[in-house]
1. Can you tell me how many residues in the range 332-363 are under 30 Å from residue 382 (Cβ atoms) and not hydrophobic (A, V, I, L, M, F, W, C)?
2. Would you mind telling me which numbered condition in (1) surrounded by fewer than 21 Cβ atoms within 10 Å (Cβ to Cβ); (2) in contact (Cβ under 8 Å) with a residue 24 or more places away in the chain residue 330 fails?
3. Run down 482, 494 and say which single residue is in the same structural domain as residue 406 (by TED's automatic domain parsing) and surrounded by fewer than 21 Cβ atoms within 10 Å (Cβ to Cβ).
4. Would you pick out the residues in the range 333-363 that are assigned to a loop (DSSP other than H, G, I, E, B), touching a residue at least 12 places away in the same chain (Cβ under 8 Å) and of a type in the set (Asp, Glu)?
5. Just a yes or no: is a residue in the range 392-404 touching a Gly at 6+ places or on another chain (Cβ under 8 Å), of a type in the set (D, E, K, R), assigned by TED's automatic domain parsing to the domain that holds residue 520 and more than 21 Å from residue 535 (Cβ to Cβ)?
6. Would you mind finding the one in 274, 254 that is over 25 Å from residue 559 (Cβ atoms), surrounded by 13 or more Cβ atoms within 10 Å (Cβ to Cβ) and modelled with pLDDT of 90 or more?
7. Just one of (1) modelled with pLDDT of 60 or more; (2) farther than 30 Å from residue 230 by Cα; (3) surrounded by 11 or more Cβ atoms within 10 Å (Cβ to Cβ); (4) not hydroxyl-bearing (Ser, Thr, Tyr) trips up residue 620, so point out which.
Amino acid sequence: MHFQQPNMLWGLLLLAIPLLIHLFQFHRTQTIYFPGVFRLIQRLQHARQQKKVQHWIVLLARMMAITCLVFAFAMPSCSSSNRNQAYSHVVVLFDNSYSMGTKNADGVIVEQAKSQARTMLSGLAQEVQVRLFTQDPLSNSGWMSPAQALSVLDTIPLCPQQRKWSDWTAQVDELLHEGGISSLKVMAFGDGQLSALAAKPQLLSAPNVDWEYVLYPLDGSQGGGNLAIDTVWYESVWQNADAGSNVLLKARIRNYSESTKETSLRMLNQGKTRHVKSVKLEAQGTAEVEFALSELEMTQASALQLDEDGFGYDNLKYLHPIKQNQTVVGVLGSDDAVSAMFASQPLLKKIDIKRADLLDNDKALLKSIQSMILINDAVYSAAEMSALKDFVASGKVVLQFFVDPIRRKSFNMGFGELRGEWLGGQVAKGGVVGRRGASGGGDLQVDRLAVAGFQHPIFEKAFGESISETTEMPVVGGHLKLESSLDFETVLQLENGDPILLKQIQGTGSYWVWLSDLRNGSNALKSSAWFLPIFTQVLASSAVVEQPLYGELFSGNLLPLPGNVQVDERAASLRGKSGNIVVDLQQNSSQHTSMYIGSQPQYPGYFWLVGSGGKDSVEIALNLGKQESDLRSFEDWKSMSLGGNNELLLSKGDGIAPIMHNAPLNTPWRLFIWGAAFFFAVEVVIILLRDKIISSESVKS
């Protein structure tokens with residue numbers, strides 16, 4: 001047997017106290033002789049012998065009781081190895097995420113964890129090497145002594161959850177590969193948050209690693225439960241026909257408690273409350289709140305804030321300006337309906353371009369736009385075709401409209417040849433007036449768009465209501481009836497089966513062709529409510545959907561930027577109230593720029609991302625993650641299947657019980673406590689019996 005707290009054995013010196021009491025409690029007796037008392041002398045001698053035995057038994061009971069108490073406080077262990085002192089290295093995985101700042105029946109969880117971690121570290125020999133890992137990677141340091149680890153432990157603050165169990169096991173694996181570790185104890189202190197464990201905890205199959213998880217179960221009912229802003233997005237007017245504004249800002253609120261909750265959501269802009277709405281949520285329910293944005297509100301950064309509920313880290317979202325999320329579209333040519341589309345759709349920003357811009361050496365203007373509309377009859381030079389191909393191949397979108405191509409029957413646009421015959425018809429007051437093809441042949445062709453085409457993935461969630469067979473579809477009065485279309489995909493078609501909207505993938509971008517002329521055949525469509533959603537979706541589907549309204553700190557992933565920031569190098573500057581931070585910028589195969597935040601900054605708010613040239617900048621809204629909104633602990637520990645020689649010891653933390661209190665450690669100190677109680681009871685019984693005997697003898701005499 002060995003002891004976790006050997007210093008407590010100095011308490012054995014207390015054994016001198018009952019010994020001294022025993023030695024000095026005898027008194028000198030004076031002998032008085034008088035006749036006729038022989039029998040009395042015999043009885044007295046017999047009683048004296050009994051008292052000596054009683055004294056020795058009391059002395060033994062007292063000393064055994066004190067010894068048991070000292071041994072109990074010294075934390076004995078009957079295991080084959082000293083589970084504290086036998087480890088050459090100890091790794092402490094300390095969860096200091098925000099959920100640890102909540103309370104359970106025993107108080108604030110993080111304080112309980114610190115208390116027990118101090119107990120464990122205090123019991124380690126000073127030659128043991130300790131490594132401390134927390135949720136904040138910046139606070140992780142190298143190997144240290146237990147005393148140094150104790151001083152660091154006291155300074156650990158709460159922070160956003162940045163590490164999951166898999167991240168910690170990967171760090172432990174790296175330590176094992178460093179070498180020099182003969183035996184390793186891994187002590188994890190946490191609330192078992194579902195978001196941190198993700199799935200059943202897995203361990204490394206290393207025989208020299210001993211794992212223990214000290215669990216402090218979360219109590220979601222503490223503080224009345226949690227309400228959180230789940231996500232934020234926007235919808236334009238064509239996604240919701242009843243909207244009184246061009247853009248709706250929407251937020252989904254989630255109730256993580258087990259009771260009905262009422263709260264209010266505010267939209268803040270420049271420190272002022274612009275909108276506020278009250279919402280009632282059922283237990284574990286969700287609700288959507290929407291605000292119609294004005295033109296001014298779309299150009300300014302804003303924030304959404306819930307009423308305080310004790311879990312403030314998920315009650316606030318900083319938002320980019322909606323205008324900043326616009327898809328920049330270059331338009332080559334002109335048409336009134338196309339211009340009207342940009343005037344009524346704030347998510348699109350129009351830039352007029354010329355043919356000369358296609359041939360510009362540095363392609364500066366083409367780099368600044370995400371999509372392009374061509375309003376002409378597709379007659380390009382070889383150099384212009386090459387520029388368009390490169391533009392599309394870089395992950396961008398080109399949409400081709402014809403103007404009045406009645407005389408042409410074939411088009412070689414650099415993306416494939418379209419060959420066919422133009423069939424005409426136009427909508428007039430009182431009905432449809434048809435006309436035949438330019439050659440005088442062919443059938444009268446006036447038709448409507450077919451419903452089936454809108455099942456294409458690009459139109460997913462593009463319309464507020466589902467499209468059915470009873471929906472009134474727009475009329476197309478003239479189109480090119482194809483004979484051949486090479487590799488083009490039909491996205492929309494007419495009710496007679498003729499294609500009307502084609503798509504071809506080039507590189508990571510796409511080239512779209514509308515097979516009706518704008519001046520005559522598409523007049524009915526241009527004046528209908530269908531023109532805006534169809535072509536906005538085509539132009540913005542590859543850009544707007546991927547641009548978030550906010551970014552989350554410590555996401556561990558690349559954050560897509562909400563604007564087109566041009567940089568000459570991979571590094572850029574993120575400017576905030578605390579100074580400048582150099583961040584890494586990367587572009588994917590679609591030329592979408594993303595930013596890797598890394599471990600900084602550590603606070604939410606608004607920042608300016610500035611390119612290496614110092615001119616281009618975009619406002620960035622960064623928020624704390626909401627991974628810990630669901631305040632529940634992992635409960636299925638018993639069902640874990642751990643391979644290899646590893647075992648995960650699960651301890652329930654209560655802020656009082658000592659650490660490393662597995663079965664081999666629990667039983668001995670408990671036995672010594674009961675032993676001390678037993679010997680104290682023996683002493684009391686003997687004293688009571690002795691007093692009873694003396695009292696009886698006094699009565700007899």
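1. Residues of the range 332-363 under 30 Å from residue 382 (Cβ atoms): 332-335, 338, 350-363.
With the extra rule that they be not hydrophobic (A, V, I, L, M, F, W, C), the set shrinks to 333-335, 350, 352, 354-355, 357, 360-363.
Final tally of qualifying residues: 12.
2. (1)
3. On the way: 494 fails: surrounded by fewer than 21 Cβ atoms within 10 Å (Cβ to Cβ).
Residue meeting the stated conditions: 482.
4. Of all residues in the range 333-363, those assigned to a loop (DSSP other than H, G, I, E, B) come to 333-335, 345-347, 353-354, 359-363.
From the residues that got through so far, the ones that are touching a residue at least 12 places away in the same chain (Cβ under 8 Å) too are 333-335, 345-347, 353-354, 359, 363.
Correct list: 335 only.
5. Kept after step one, since they are touching a Gly at 6+ places or on another chain (Cβ under 8 Å), are these residues of the range 392-404: 392-398, 401, 403.
Filter once more, so that each one left must be of a type in the set (D, E, K, R): 396.
Those left that are additionally assigned by TED's automatic domain parsing to the domain that holds residue 520: 396.
Keeping just the survivors that are more than 21 Å from residue 535 (Cβ to Cβ) gives none.
Within the range 392-404 (the criterion being touching a Gly at 6+ places or on another chain (Cβ under 8 Å), of a type in the set (D, E, K, R), assigned by TED's automatic domain parsing to the domain that holds residue 520 and more than 21 Å from residue 535 (Cβ to Cβ)), the answer is no, since none of the residues qualifies.
6. Working: 254 fails: over 25 Å from residue 559 (Cβ atoms).
Sole residue among the options that is over 25 Å from residue 559 (Cβ atoms), surrounded by 13 or more Cβ atoms within 10 Å (Cβ to Cβ) and modelled with pLDDT of 90 or more: 274.
7. (2)
Results for (1) among the small types (Gly, Ala, Ser); (2) crowded, with 18+ Cβ neighbours inside 10 Å; (3) modelled with pLDDT of 90 or more, shown as yes or no for each residue.
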| residue | (1), (2), (3) |
| --- | --- |
| 77 | yes, yes, no |
| 83 | no, yes, no |
| 86 | yes, no, no |
| 94 | no, yes, yes |
| 122 | yes, no, no |
| 145 | yes, no, yes |
| 156 | no, yes, yes |
| 167 | no, no, no |
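The values are calculated or read from the model by the stated rules, or taken from the named source; none is laboratory data. These figures come from a predicted structure and were not determined experimentally. Ideal geometry is used to build each Cβ from the backbone, glycine not excepted, and the neighbour counts take in all protein chains shown.
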